[in-house]
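Student: Can you read through this structure? Questions will come right after.
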Amino acid sequence: MPVSTEPRTMIDFIEAQRGRIEVVLKKVLHHRETWPQALTDAAAHSLFAGGKRLRPVLALTVVEMLGRDYVKYENLFAALECIHTYSLIHDDLPAMDNDELRRGSPTCHKKFGEAAAILAGDGLLTLAFELLSEDSFVKNFQPEHVVQCIRHVSVAAGFSGMVGGQYYDIHGTGGARDEKQLLKIHAMKTARLLSASVAAPAVLSGVHEIILAKLVEYGDAIGLAFQICDDILNVVGSKENMGKPVGSDDGRETLTYPKVVGLDKSAAKARELCEQAKKAMEAFPAEKRQPFDLLAEFIIERVK
């Protein structure tokens, strides 16, 4: 059954949705007797290290807005978080960001070694598409909708999305280091998977293309706002809240919003995107869009 759409506080809503996602994720790594135990432990270390679960929470919220049975979409929720977690494991590697802490705990490669971390990330990425193609999941939807869903997710995670964005984040695009270039990197690295998290459940549900376009517009806007807020937090946040040392982007000379336009303009841009996301949802009834407004505000509140 969908959660109540009565007005609630932002934190109560986020925690309730996140709690439901935790239950789904615990199912994913259970009863996998054929997996190498040490590799399962490495994957579980990162998958259950905490986090906002924003991507599956977004997908769950869309499912509830559409009035669908969320149980039928559980594999999608888990797949999105597996992809996100794989990206964090690989981003932390010495060849990438070389981070030793993630969410206050040792990164996967620091605890289990680089080879295990690489393979754990590979396994989680592959598991995502195993989950999206399982018979128990596929039978709930029209076959063409499943294919479209998988395409949305894979494009957002691959060369045109997260993987390509991470490359540009490390090596640059070879052009001017300006806001336009930065928006391209942020869109690819972060926003596209967040947007796909909104679009994929709608595609599975077979919604009209007008509804899908509004949801994608919302997802694109909050995805960019989320990354800009992360850039800000890397400057003004604390190690306790971030779960890793702040200022790491300075050490790597990473292109960030505060570096390009300053902190004040960065915060203003994040707020502008938050309002843009809310505006995209104005086509829906107030009780339907209220959870999406709460999620947009949650992203902005992190930097207040």
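Student: I need the full set of residues from the stretch 171-190 which are in contact (Cβ under 8 Å) with a residue 24 or more places away in the chain and not aliphatic (A, V, I, L, M), in order please.
Tutor: Of all residues in the stretch 171-190, those in contact (Cβ under 8 Å) with a residue 24 or more places away in the chain come to 172, 177-179, 181-183, 185-190.
If the condition is that a residue be in contact (Cβ under 8 Å) with a residue 24 or more places away in the chain and not aliphatic (A, V, I, L, M), then 172, 177, 178, 179, 181, 186, 189, 190 are the ones that fit.
Student: Determine the pairs where a residue that is among the aromatic types (Phe, Trp, Tyr), located within the stretch 269-285, has a partner that is buried (at least 17 other Cβ atoms within 10 Å of the Cβ) with Cβ atoms under 9 Å apart, the partner being 6 or more residues away or on another chain.
Tutor: If the second residue must be buried (at least 17 other Cβ atoms within 10 Å of the Cβ), the pairs left are 284/65; 284/214; 284/292.
Student: Next up: Could you go through the stretch 149-170 and let me know if any residue there is without any contact (Cβ under 8 Å) to a residue 40 or more places away in the chain and at positive phi.
Tutor: Of all residues in the stretch 149-170, those without any contact (Cβ under 8 Å) to a residue 40 or more places away in the chain come to 150-151, 154, 158-161, 163-165, 167-168.
So of that shortlist, the ones also at positive phi come out as none.
Scanning the stretch 149-170 turns up no residue that is without any contact (Cβ under 8 Å) to a residue 40 or more places away in the chain and at positive phi.
Student: Further question on the same structure: Suppose we filter 231, 220 for residues that are of a type outside the set (Lys, Arg), modelled with pLDDT under 95 and buried (at least 20 other Cβ atoms within 10 Å of the Cβ); which single one remains?
Tutor: None of the others qualify; the one that does is 231.
Student: Follow-up question, since we're still on this one. What's the number of the condition residue 192 fails, among (1) modelled with pLDDT under 90; (2) among the basic types (Lys, Arg); (3) surrounded by 16 or more Cβ atoms within 10 Å (Cβ to Cβ)?
Tutor: Condition (1) is where residue 192 drops out.
The rows are residues; the columns are (1) under 21 Å from the mean Cα position of the chain (by Cα); (2) at pLDDT below 90; (3) loosely packed, with under 13 Cβ neighbours inside 10 Å; (4) not polar (S, T, N, Q).
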residue: 241; (1), (2), (3), (4): yes, yes, yes, no
residue: 253; (1), (2), (3), (4): no, yes, yes, yes
residue: 258; (1), (2), (3), (4): no, no, no, yes
residue: 261; (1), (2), (3), (4): no, no, no, yes
residue: 265; (1), (2), (3), (4): no, no, no, yes
residue: 269; (1), (2), (3), (4): yes, no, no, yes
residue: 272; (1), (2), (3), (4): yes, no, no, yes
residue: 277; (1), (2), (3), (4): yes, no, no, yes
residue: 281; (1), (2), (3), (4): yes, no, no, yes
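Student: From the list 78, 116, 43, 95, which residue is among the hydrophobic types (A, V, I, L, M, F, W, C) and surrounded by fewer than 16 Cβ atoms within 10 Å (Cβ to Cβ)?
Tutor: Checking each option against the conditions leaves just 95.
Student: If you don't mind, there's one more thing I want to ask. Tell me, which helices (runs of 4 or more DSSP H) lie completely within the stretch 29-114 with 2 or more residues that are touching a Leu at 6+ places or on another chain (Cβ under 9 Å) and under 24 Å from residue 155 (Cα atoms)?
Tutor: Result: 37-47, 54-65, 74-91.
Student: Scan the stretch 171-187 and give yes if some residue there is more than 13 Å from the chain's Cα centre (by Cα) and closer than 22 Å to residue 57 by Cβ, otherwise no.
Tutor: no
Student: Over 15 Å from the mean Cα position of the chain (by Cα) and either of a type in the set (Gly, Ala, Ser) or at positive phi (or both): does that describe residue 42?
Tutor: Against the criterion (over 15 Å from the mean Cα position of the chain (by Cα) and either of a type in the set (Gly, Ala, Ser) or at positive phi (or both)), residue 42 qualifies.
Student: So, one more: For the stretch 164-177, check the following and say yes or no: at least one residue is in contact with a Pro (Cβ under 7 Å, 6 or more places away or on another chain), at pLDDT 90 or above and surrounded by 19 or more Cβ atoms within 10 Å (Cβ to Cβ).
Tutor: Scanning the stretch 164-177, I find no residue that is in contact with a Pro (Cβ under 7 Å, 6 or more places away or on another chain), at pLDDT 90 or above and surrounded by 19 or more Cβ atoms within 10 Å (Cβ to Cβ), so the answer is no.
The values are calculated or read from the model by the stated rules, or taken from the named source; none is laboratory data. Just so it is clear, the structure is predicted and the values come from calculations on it, not from any experiment. Methodologically, a virtual Cβ is constructed for each residue, glycine included, from the backbone with ideal geometry; neighbour enumeration extends over all protein chains shown.
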